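> The structure follows.
The values are calculated or read from the model by the stated rules, or taken from the named source; none is laboratory data. Predicted model only: the values in this text are computed from it and were never measured. Neighbour counts are summed over all protein chains in view; Cβ atoms, including those assigned to glycine, are modelled from backbone coordinates with ideal geometry. These area figures cover heavy atoms from the full protein model, side chains too; ligands, DNA and RNA do not enter into them. Shrake-Rupley method; radii C 1.70, N 1.55, O 1.52, S 1.80 Å.
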Amino acid sequence: MIRKLKSAKPADAQDAIHAEVSEVVSRIIVDVTKRGDVAVREYSDKFDKWNPATFRLGAKEVADCVAQLSAQEFDDIKFAQAQVRRFAEAQLRTLSEVEIETLPGVFLGHKNIPVQSVACYVPGGKYPLIASAHMGVVTAKVAGVSRIVAVAPPFNGKPNPAIVAAMHLAGADEIYCAGGVQAVAALALGTDMFAPVDMIVGPGNAYVAEAKRQLFGRIGIDLIAGPTETLLLADHTCDAEMAAADLLGQAEHGTNSPTILVTTSKELAEALPAEIERQLSVLPTAPIASVAWRDYGEIILCDTLEEMLQEGNRIAGEHVQVLTEDPDYFLKNLRNYGALFLGARTTVSYGDKVIGTNHTLPTMRAARYTGGLWVGKFIKTCTYQRILTDEASATIGEYCSRLCAMEGFAGHKEQADLRVRRYRKRSTASAMDA
């Protein structure tokens, strides 16, 4: 039996917030469409207190940012990027091109073609999310994207040196200090200062996510990222200290970040609230994490692993930490998740910052139908066909003609009939000559 010992805020309260965000985003996009850079500057000044002569950083500004890093910071960024690059390269090797002969003389295939231009958004208003530079820029670089734009808002009134350094070291071709809906709209639509891109990827706040949603279609996106989520699947082998640390470690992302424990251990379920409060009393980010836990924290008690699996698939969490006696049970059977973290030796923060898998992941139950950002998101798999004999064209044409007639497509039918008339004669003549 599945029992909820602690529940999150009702969904209708969240819906009201989203409606307000949607209206604001729509208004800004329309304004940027009409007034271009003038609107971008006004919103940047209003929201970020940032209105430089140009939003694009020059070579000297980038070099100055890199120079501000300590040797340790520089090496740590390089280490993290090496892990992301190594995994992305392994993923790329799985993407094979195909060509097969389906009938004599009929060849079908597909090619893998990188997207030409991509903007990688790096959040930096509340926390400077340096790792998002690795996840976007490095992965796009491995995929073969020819123009990579990196963009992040100012942090404390200026470009964040570590973010800029990470963008540069990852291989960004252009770096901009700009953020929010205005930056996303400028890169999607194009202005005098921002040449448009074909695709925008990367996490962001609710306004950035909504901007990507509204602009999808005019540009490609990776996914629509909502608040960071963490789901902990735990049994009697997990202690309250580790459970609380793994939940609060993601709750600090934002006051609306869902943090959920699903467990078969009554003892753990009962001990967790007190341990959460103990850790919040010393956690520097408690003003954020405590609200997330209060409003979006859940404790769900199950009787069996099968019930835990059922809840895991229903929740379809972004980050799923598995602290059970047999984590491989969930690796084999869980179907809906953004990323799995198996066993106590790994944790979500490893995936967020350094281990090498991508941290841009599906939220809001989107894991039911998509995975996260990976090298394949930057690659278009495009099909082609080739017919090398008259006989094959005429044969396919006869089938096509009849199928078009069934659907009432006269023009389509004539395309096929033309080939049948032209190539059936040739193939028949060739057969007679032989």
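> Does VAL282 satisfy the criteria of being hydrophobic (A, V, I, L, M, F, W, C), in a helix (DSSP H, G or I) and either modelled with pLDDT of 95 or more or more than 26 Å from TYR127 (Cβ to Cβ) (or both)?
Criteria not met by VAL282.
> Identify all residues within segment 280-305 that are more than 20 Å from ARG3 (Cβ to Cβ), open to solvent by less than 30 Å² (accessible area, probe 1.4 Å) and among the hydrophobic types (A, V, I, L, M, F, W, C); write none if there are none.
LEU280, ALA286, ALA289, ALA292
> OK, next. I'd like the full set of residues that are among the basic types (Lys, Arg), modelled with pLDDT under 95 and open to solvent by less than 80 Å² (accessible area, probe 1.4 Å), limited to segment 397-429.
ARG424
> With respect to the numbered conditions (1) open to solvent by 70 Å² or more (accessible area, probe 1.4 Å); (2) within 26 Å of the chain's Cα centre (by Cα); (3) under 25 Å from ILE148 (Cβ atoms), which one is the sole condition not fulfilled by ARG27?
(3)
> Something else: When only residues in segment 225-244 that are hydrophobic (A, V, I, L, M, F, W, C) and without any contact (Cβ under 8 Å) to a residue 60 or more places away in the chain count, which is surrounded by the fewest Cβ atoms within 10 Å (Cβ to Cβ)?
Here the residue is ALA240.
> Working only within segment 335-359, note down all residues that are in contact (Cβ under 8 Å) with a residue 40 or more places away in the chain and over 18 Å from GLY249 (Cβ atoms).
GLY356, ASN358
> Would you mention how many residues in segment 95-108 are in contact with a Lys or Arg (Cβ under 8 Å, 6 or more places away or on another chain), open to solvent by less than 90 Å² (accessible area, probe 1.4 Å) and without any contact (Cβ under 8 Å) to a residue 60 or more places away in the chain?
Looking only at that region, the number is 0.
Listed here are the residues, each with its yes/no results for (1) of a type in the set (Gly, Ala, Ser); (2) surrounded by fewer than 24 Cβ atoms within 10 Å (Cβ to Cβ); (3) more than 17 Å from VAL62 (Cβ to Cβ); (4) within 16 Å of the chain's Cα centre (by Cα).
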residue: TYR127; (1), (2), (3), (4): no, yes, yes, no
residue: HIS134; (1), (2), (3), (4): no, no, no, yes
residue: ILE163; (1), (2), (3), (4): no, no, no, no
residue: ALA178; (1), (2), (3), (4): yes, no, no, no
residue: ALA183; (1), (2), (3), (4): yes, no, yes, no
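> If a residue must be open to solvent by less than 50 Å² (accessible area, probe 1.4 Å) and in contact with a strand residue (DSSP E or B) (Cβ under 7 Å, 6 or more places away or on another chain), how many such residues does segment 53-94 contain?
Total satisfying the criteria: 3.
> Could you list, in sequence order, all residues of segment 189-214 that are among the small types (Gly, Ala, Ser), in a loop (DSSP other than H, G, I, E, B) and open to solvent by 40 Å² or more (accessible area, probe 1.4 Å)?
Within segment 189-214, just ALA195 meets the criteria.
> Also, quick follow-up: Sort out which residues of segment 250-279 are open to solvent by 30 Å² or more (accessible area, probe 1.4 Å), in contact with a strand residue (DSSP E or B) (Cβ under 9 Å, 6 or more places away or on another chain) and in a helix (DSSP H, G or I), and write them in order of number.
Within segment 250-279, LYS266, GLU270, PRO273 meet the criteria.
> Then there's this: Test GLY217 against the criterion of being on the phi > 0 side of the Ramachandran plot, open to solvent by 50 Å² or more (accessible area, probe 1.4 Å) and without any contact (Cβ under 8 Å) to a residue 12 or more places away in the chain, and give yes or no.
Yes, satisfied.
> Related question: Please verify whether ALA172 is among the small types (Gly, Ala, Ser), in a loop (DSSP other than H, G, I, E, B) and more than 29 Å from ASN336 (Cβ to Cβ), treating the condition exactly as stated. Quick ask: steps written out before the conclusion?
Values: among the small types (Gly, Ala, Ser): yes; in a loop (DSSP other than H, G, I, E, B): yes; more than 29 Å from ASN336 (Cβ to Cβ): yes.
So ALA172 passes the test.
> Could you tell me which of the residues TYR384, TYR329, TYR350, TYR369 is surrounded by fewer than 19 Cβ atoms within 10 Å (Cβ to Cβ) and in contact with a Lys or Arg (Cβ under 9 Å, 6 or more places away or on another chain)?
From the options TYR384, TYR329, TYR350, TYR369, the qualifying one is TYR384.
> Of the numbered conditions (1) over 19 Å from LEU103 (Cβ atoms); (2) of a type in the set (A, V, I, L, M, F, W, C); (3) at pLDDT 95 or above, ALA394 fails exactly one; give the number of that condition.
If we test ALA394 against (1) over 19 Å from LEU103 (Cβ atoms); (2) of a type in the set (A, V, I, L, M, F, W, C); (3) at pLDDT 95 or above, just (1) comes out false.
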